[in-house]
Amino acid sequence: MTEREDELLQAYRTGAVTRRDFIAEAIAIAGSFAAAAPLLEAAGIATAHAEQVDPQAPDLASGIVQYPGPAGAVSAYQSRPKTPGRRPAVVVIHENRGLTPYIQDVARRLAREGYHALAPDLLSRRGGTAAYATPPAAIEAIRALANDDVQADLRAALAWLQKADGVRGDRLGVVGFCWGGAQSLLLGTGSRDLRAVVVFYGRNPSPLELVQNLSAPLLGIYGEDDRSIMPGVAPLEAALKQSGKVYEIKIYPGAKHAFHNDTNPERYNAEAARDAWARVLAFYRRHLG
C-alpha cells in the first residue's frame, strides 16, 4: 500500500472523509474501480466486480464494431455466441456515462444466454466515450445530445441488426439503464421492429401519452429508494393500463437508482440485481425466444 493510500485509509477510518469521497479518491489513486478493490476491501467496503463474463471468453465473439448511422458511423460493442445459427438480438443502451465496461459486460451476459447483443456508443456523434477523460465530462456531453439524434442512431442499430448474419431480424429486443432506460422506452414508442422492451429505472417519455404507441411488451424495473424516478412509475403504469398494453412493473424495496450496476458499490444491490436479471432473461425468453 502506498503512503497516499494509507493516509486515505486512515482518514476514512477516523471519519475525516465520507464513504462516497473515500471511494472516489481510491478509484482516482488506483486508476480504475478494479485496481482500487484491495484498498476498498481494506476499508471494509464490499466490492462487486464488473466483467462477470470474461471479455476474452472463448465461446463468444466480442469487440467493437461500427454500423452506419444517419450522421456517420456509430461505434458499438458487440457480443454474440460463436456457435452457428440464427438468434434473437438485443440492443443494450448505456447509462449517462457512455459505453462503459459495465455495459460491455451486460452485452456479454446476454451473449452468454444465447443472444446477439449490440451496445451502441451513443456519444459517437461527439467523438465517442473514449474521448472523455472523466465520467462528469461524458455526462455533460450526453446532456447535450438531442433525443431525436439518439433515437435515429438507435433505429439505425435495429436496421443493421435486421440484416446482420446470424440474427433473426423479426426477434429484436432492447434494454436500457438510467439515461438509457429512458431511451429504451422512447425507442419502444417509436419503433415497430421491437418484440420486447426493458427499462431499468429510466424516466418516462414526454408527453407520457407517447406510451400509447408502444407495440411491444414492456418490463419496467425500479428501485424503491430512487427518489428521482419513482414518482413517475405510478403514472406510467396507469397510462399503460389505460392503453391496454402488455407490461410488467417490478419495484425492489430498499434498492437505489442504478442498483444493477455492480461497478458502483454505493448503489449496487446484489439481491435485487440478481432477481432483476433473472426477470429480464425470463421476459426475453417469452417474447424473443
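The values are calculated or read from the model by the stated rules, or taken from the named source; none is laboratory data. Because the structure is predicted, anything quoted here is derived from the model rather than measured. With ligands, DNA and RNA removed, areas are computed over all heavy atoms of the protein, side chains included. Shrake-Rupley method; radii C 1.70, N 1.55, O 1.52, S 1.80 Å.
Bin all alpha-carbon pair distances of the chain at 10 Å intervals from 0 and give each bin's fraction as a whole percent.
Bins of 10 Å from zero give 6, 28, 35, 22, 8, 2, 0 percent of pairs.
Could you rank ASP54, ASP262 by how accessible they are, 1.4 Å probe, largest area first? List each step's numbers first, then the result.
Details: ASP54 85, ASP262 5 Å².
In descending accessible area the options line up as ASP54, ASP262.
Can you pull the accessible area of MET1 for me, 1.4 Å probe, Å² to the nearest 10?
The value for MET1 is about 140 Å².
Output the 0 to 90 degree angle, nearest 10, between the alpha-carbon long axis of helix 19-30 and the longest principal axis computed from the alpha carbons of the chain.
Helix 19-30 and the main axis of the chain meet at about 90 degrees.
Can you give the direction-averaged projected area of the convex hull of the alpha-carbon atoms in the range 1-141, in nm²? Kindly include the intermediate steps, with their values, before the conclusion.
Numbers: hull surface 40.7 nm².
Its Cα hull, projected and averaged over all orientations, spans 10.2 nm².
For the range 119-240, which whole-number percentage of the solvent-accessible area (1.4 Å probe, protein heavy atoms only) is attributable to carbon and sulfur atoms? List each step's numbers first, then the result.
Working: 2340 of 4970 Å².
It is 47 percent, rounded to a whole number.
Quick one: order GLU140, GLU25, GLU271 from most to least accessible surface, probe 1.4 Å.
Working: GLU140 110, GLU25 65, GLU271 140 Å².
If we order GLU140, GLU25, GLU271 from most to least accessible, we get GLU271, GLU140, GLU25.
Note down, for the range 161-206, the three equivalent ellipsoid semi-axes (square root of 5 times each alpha carbon gyration tensor eigenvalue), biggest first, whole angstrom. Please report the intermediate quantities before stating the final value.
Values: eigenvalues 97, 22, 10 Å².
Value: 22, 10, 7 Å, ordered largest first.
Whenever you get a sec, line up TRP160, TRP277 from highest to lowest accessible area (probe 1.4 Å, protein heavy atoms). Mind showing how you got there, number by number?
Details: TRP160 70, TRP277 35 Å².
So, going from the largest accessible area down, we get TRP160, TRP277.
Over the heavy atoms of TYR102, what accessible area does a 1.4 Å probe trace out, to the nearest 10 Å²?
0
Cross-link partners among lysines for LYS250, C-alpha distance below 26 Å, same-chain residues fewer than 8 apart left out?
Partners within reach: LYS241.
Compute the length gained on full extension between ALA133 and LYS250: take 0.36 nm times their separation in residues and subtract their Cα-Cα distance, giving the result in nm to one decimal.
On the way: separation 117, 0.36 × 117 = 42.12 nm, distance 3.52 nm.
So the chain would gain 38.6 nm between ALA133 and LYS250.
Below 8 Å, C-alpha to C-alpha, sequence gap of six or more: please give me the relative contact order for the range 121-259 in percent.
Over the range 121-259, the number comes to 17 percent.
Residue by residue through the range 57-63, what is 3J(HN,Hα) from phi via Karplus (6.51 cos²θ - 1.76 cosθ + 1.60, θ = phi - 60°)? Round to whole Hz and write x for glycine and proline.
3, x, 8, 10, 9, 10, x
If every alpha-carbon in the range 157-289 counts as one equal scatterer, what log10 I(q)/I(0) does Debye give at q = 0.14, 0.19, 0.23 1/Å?
Calculated log10 I(q)/I(0) at the listed q: -0.61, -1.07, -1.41.
Starting from the Cα coordinates of the range 58-129, work out the convex hull volume and express it per residue in Å³. All intermediate terms of the calculation are to be shown ahead of the outcome.
On the way: hull volume 6.2 nm³, N = 72.
Cα-based convex hull of the range 58-129, divided per residue, equals 86 Å³.
Roughly how many whole Å is it from the C-alpha centroid of the range 219-257 to that of the range 132-148?
For the range 219-257 versus the range 132-148, the Cα centre distance is 26 Å.
At 1.4 Å probe size, with every protein chain present, just tell me what the per residue accessible area of the chain comes to in Å².
Numbers: 13100 Å² over 289 residues.
Ligands and nucleic acids excluded, the figure is 45 Å² per residue.
Check cross-link reach from LYS163 to the lysines: straight Cα distance under 28 Å, and skip same-chain residues fewer than eight apart.
Here the lysines satisfying the reach criterion relative to LYS163 are LYS82.
Given the DSSP H assignment, sum -39500 (n - 2.57) over each helix run of at least 4 residues in the chain and divide by its residue total; what's the result at 222 nm in deg cm²/dmol, nearest 500?
Numbers: 9 runs with 111 residues, N = 289.
So the calculated ellipticity at 222 nm is -12000 deg cm²/dmol.
Suppose we keep just the alpha-carbon trace of the range 88-179; what are its Rg and Dmax in angstrom?
According to the Cα coordinates of the range 88-179, Rg and Dmax are 13.3, 38 Å.
Which residue fluctuates the most in the chain, going by a Gaussian network model with Cα springs under 10 Å, if the choices are ARG227, ARG109, ARG203?
ARG227
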